[in-house]
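Chemist: My structure is below; once you've seen it, I'll send some questions.
The values are calculated or read from the model by the stated rules, or taken from the named source; none is laboratory data. It should be emphasised that the depicted structure is a prediction, and the values quoted were computed from it without experimental measurement. FYI the Cβ positions are ideal-geometry reconstructions off the backbone, even for glycines, and counts take in every protein chain you see. For accessibility, only protein heavy atoms count, side chains too; no ligands or nucleic acids. Shrake-Rupley method; radii C 1.70, N 1.55, O 1.52, S 1.80 Å.
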Amino acid sequence: MLVEDGSAVVADRDGITVLTTNVPWAVDANGAAVPTRYEVDGTQLVQVVEHTARDVAYPVVADPTYWWGGKTWIPANKVSISQTASILYALIPGFVGPVALYNVGLGLCNQAGKGIWVYWTWAGHIWCTGP
């Protein structure tokens with residue numbers, strides 16, 4: 001589903017949000033903004049970059065996320081917090097603390113019991129918030 005601000009939300013068959021994107025952006029080689037937007041094509045989310053609509057300095061860089069990261073909604077009734085903690089623990093190389101620390105941290109984010117947002121960046125930083 002496209003959102004009014006230009007971002008997008010992807011839901012599963014039950015209507016539960018499973019992924020969100022930030023507003024897409026694109027810039028040319030001079031740092032000038034290039035018009036871009038999302039379109040839905042069947043089950044695919046496509047980022048359209050209008051690089052031929054005006055004089056653009058190439059190359060053009062386009063990305064749908066902020067800081068090459070993103071966020072995912074994890075509903076409490078779909079994935080357990082302890083399962084998510086174990087997955088995150090396995091994904092972060094070099095972390096020497098116990099998986100219980102992840103479980104406690106994610107549990108704090110899920111205080112309302114509704115689920116959590118898990119955010120990540122290209123550099124491997126992961127954090128969470130509640131709804």
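Chemist: Hey, could you check region 33-50 for residues that are outside any strand (DSSP E or B) and modelled with pLDDT under 90 and say which is least open to solvent (accessible area, probe 1.4 Å)?
Modeler: Out of the qualifying residues, it is Gly42.
Chemist: Considering only residues of region 15-32 that are modelled with pLDDT under 75 and open to solvent by 50 Å² or more (accessible area, probe 1.4 Å), which is nearest to Arg54 (Cα to Cα)?
Modeler: Ranking the qualifying residues of region 15-32, first place goes to Leu19.
Residues checked against (1) at pLDDT 65 or above; (2) exposed (fewer than 13 other Cβ atoms within 10 Å of the Cβ):
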{"site": "Ala62", "(1), (2)": "yes, no"}
{"site": "Ser82", "(1), (2)": "yes, no"}
{"site": "Ala85", "(1), (2)": "yes, no"}
{"site": "Gly97", "(1), (2)": "no, yes"}
{"site": "Asn110", "(1), (2)": "yes, no"}
{"site": "Lys114", "(1), (2)": "yes, yes"}
